[in-house]
1. Please go through the stretch 163-184 and give me each residue that is of a type in the set (Lys, Arg) and either closer than 20 Å to ALA449 by Cα or part of a helix (DSSP H, G or I) (or both), ordered by number.
2. Taking the options LEU250, LEU228, LEU303, LEU210, name whichever one is among the aliphatic types (A, V, I, L, M), touching a residue at least 24 places away in the same chain (Cβ under 8 Å) and not assigned by TED's automatic domain parsing to the domain that holds LYS158.
3. Part of a helix (DSSP H, G or I), within 21 Å of ARG522 (Cβ to Cβ) and of a type in the set (A, V, I, L, M), is that true of ALA596?
4. Only one of ASP574, ASP590 is at pLDDT below 95 and either over 34 Å from the mean Cα position of the chain (by Cα) or in a helix (DSSP H, G or I) (or both); which?
5. Does at least one position in the stretch 608-618 carry a residue that is more than 28 Å from the chain's Cα centre (by Cα) and not assigned by TED's automatic domain parsing to the domain that holds LEU391?
6. Which numbered condition in (1) buried (at least 19 other Cβ atoms within 10 Å of the Cβ); (2) within 24 Å of GLY325 (Cα to Cα); (3) over 18 Å from the mean Cα position of the chain (by Cα) is the only one that LYS364 fails?
7. Which one is surrounded by the most Cβ atoms within 10 Å (Cβ to Cβ) among residues in the stretch 392-418 that are within 18 Å of LEU642 (Cα to Cα) and among the aliphatic types (A, V, I, L, M)?
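The values are calculated or read from the model by the stated rules, or taken from the named source; none is laboratory data. Here the structure is a predicted model, which means the values were calculated and not measured. Ideal geometry is used to build each Cβ from the backbone, glycine not excepted, and the neighbour counts take in all protein chains shown.
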Amino acid sequence: MNFSQFIAELKRRHVYRVAVTYAVVGWLVMQVSATVVPALHLSDKVTSAVVLLVLLGFPIALVLAWAFEVTPGGIVRTEADAEPRRSRSHVWIYLVVIAAALSLGLFFLERLTVPNEQRTSPNDKSIAVLPFENLSEDRKNAYFTSGMQDEILTRLTKIGALKVISRTSTQKYQSAPDNLREIGQQLGVANILEGSVQKVGEQVHINVQLIRAATDEHVWADSYDRELKNIFGVEREIAETVAGELKANLLPQEKTELARVPTTNPQAYDLYLRAKYADQQYWNGEADSVKPALELYHKAVALDPNFALAYAWLARSQSRMYWTGEDHSPERLAQAEADAAKALELQPELPEGRYAQAVILLSKEENAKALAQLELLQKRVPNDAQFAAALGLAKGCTGDQKGRLAGYLRATELDPHNSVYLRYLAGTYDALGRYSEAQPLYEKARALAPDDWNGRVNGVNNLIYQGRLSEAQQAISGWPDAKLSATARSYKYGTIEYIAVLSREYDSALAANQKIPALGNRLPGMFTLGDILKNTNAGFDHLYKKDIPGARAFFLTAREGLERLRSSHLDDPDFYNSAALIAAGLGERDAAIDAARKACDLAPLEKDAIAGSNYLFTLAQVYAHFGDAEKAIPILEKLIHLQMIPIAPAILQRDPTWDPIRNDPSFRKLSGETP
């Protein structure tokens, strides 16, 4: 039989038809298996077995098609000398088409119904470190157990070949839970590291085990008994063993990083772990001040003046105190800068020191320098969510919104249950005008951290941007005062005041303003409230009511408080931004414009695109207040084009600030109102 005869024989025996039909139906069976097996929580081995059987059955089906055929009389052996028959039946074609349609339908059904985290296979080199169990009799040793988990996790983040989930996303889970498969799916990881710590005096006992999340298979486990002074070797050994078990190759620089011993003084290290624990409590909203952490860091470096890592964390806590407004003084920022410099003097390539320095540069609005630092740091430590988020902020400050978005997306990938990073990502969507995409992120952040007042206010602002004022009012008013700090109450009633202003209910706005607690004479800024801002807003509430004397009294009180800060804030754009609004309220056109321009000059867009946009927005408000549409509208158009801060049409339509230029056709176009 030559080749042509062989091909003809294949056609006559319907082998082609069987091959095509089998391939389509086999693929359908594999799709069904891939969908049903995870839903029933069966082992992944079931899917593998189905695929293997389908593949093995293919050659068997071809052999049977060659040897036999289906006739009206049943299945008979195909004779070699049989005459070719032209069947007019197209049933096999219909079967193939129906099977293909079912396969495609199943494919798209899976895409529409299966959550992303369930249909995306986790990276085999991905891992989450769950909270370690504290087995010490002294419950006060919880800081040490937490520190061990954190230090091991930190070392793992320095291994570029691994994907490591950040602490914030894992700390809500219990030690040694019984639903590892579900946790793995929620975090998007294939592996879980569990552990326990027992500390008695200077003796430490640590148990760890590495587990495959999908199958609950124990990959590796070990226990360690060490004195406190030798604990660093355990942290390094665990990180290296985990990397080896996950087939993650270590680069020479990574090996050096893992082997580095931060201090040879066990008492200093113990104080450092206590400080980080206190720092984390402040970050979690469980403490009102970061000062206890600062005191412990200071004690640690006093015991070991060469403790570079402690200096780096001290600098981070100092800058955090500055950022949050607990102490927004130049002296605090200078102290943070000195601590970061000391850390890098002791250890020039310390990642934590470089990060602290970058955060300080962001605070000083030296964003290009901060960006350069963070880009290098991201290459060295690609798995740290804090570094990714800071890189996103630096990208945004330098005018790169795509980079800002990418940084926050990466941060939420590495720390998916971190409500702060979800808020940052949502805020970026707000700035881009993608309010409907931001809203579910705010909702998720609130579900993760229901007591996070910042997240609640941000979510309410998102509703305001969408013009959903009644929903915003309901969301913020249902927040019980009894659970709130003075700062949180200030944000609550300040937001209620603004909703009332947008609704043109100025008496209600003033009533809300009176409920804002006194916070002292603080300079208003991005994260800072205080009596100056409270009095300024009350002045505008009276002004909108046409109560000129009442407005003037509040504006003068605000100015008096602001002037007391002048000498220490001569180069602070926030000072001139506040001065511009107060002068505008008092009807001082030239003074208001000069102050607003001064703020813009101190923080131009080229220096900080986000802060600069806020100051430009104030300048546009000042021009609008005095009816100068020709100067206000081009600024608004520029800001809308830049998309660095939210400029929502719903706000432009309702805010009385814009009433003096509301009838201008160009403004009505920007606000979405009918020309």
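1. Result: ARG167, LYS172, ARG181.
2. On the way: LEU250 fails: not assigned by TED's automatic domain parsing to the domain that holds LYS158; LEU228 fails: not assigned by TED's automatic domain parsing to the domain that holds LYS158; LEU210 fails: not assigned by TED's automatic domain parsing to the domain that holds LYS158.
Selected residue: LEU303, the only one of LEU250, LEU228, LEU303, LEU210 that is among the aliphatic types (A, V, I, L, M), touching a residue at least 24 places away in the same chain (Cβ under 8 Å) and not assigned by TED's automatic domain parsing to the domain that holds LYS158.
3. Considered against the rule, which asks whether it is part of a helix (DSSP H, G or I), within 21 Å of ARG522 (Cβ to Cβ) and of a type in the set (A, V, I, L, M), ALA596 comes out as yes.
4. Values: ASP590 fails: at pLDDT below 95.
Sole residue among the options that is at pLDDT below 95 and either over 34 Å from the mean Cα position of the chain (by Cα) or in a helix (DSSP H, G or I) (or both): ASP574.
5. yes
6. LYS364 satisfies every listed condition except (1).
7. Checking each candidate, the answer is ALA394.
Residue-wise test of (1) in contact (Cβ under 8 Å) with a residue 24 or more places away in the chain; (2) of a type outside the set (Ser, Thr, Tyr).
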site: SER436; (1), (2): yes, no
site: GLU443; (1), (2): no, yes
site: LEU448; (1), (2): yes, yes
site: ASN458; (1), (2): yes, yes
site: GLY467; (1), (2): yes, yes
site: ALA472; (1), (2): yes, yes
site: ASP481; (1), (2): no, yes
site: LYS492; (1), (2): yes, yes
site: THR495; (1), (2): yes, no
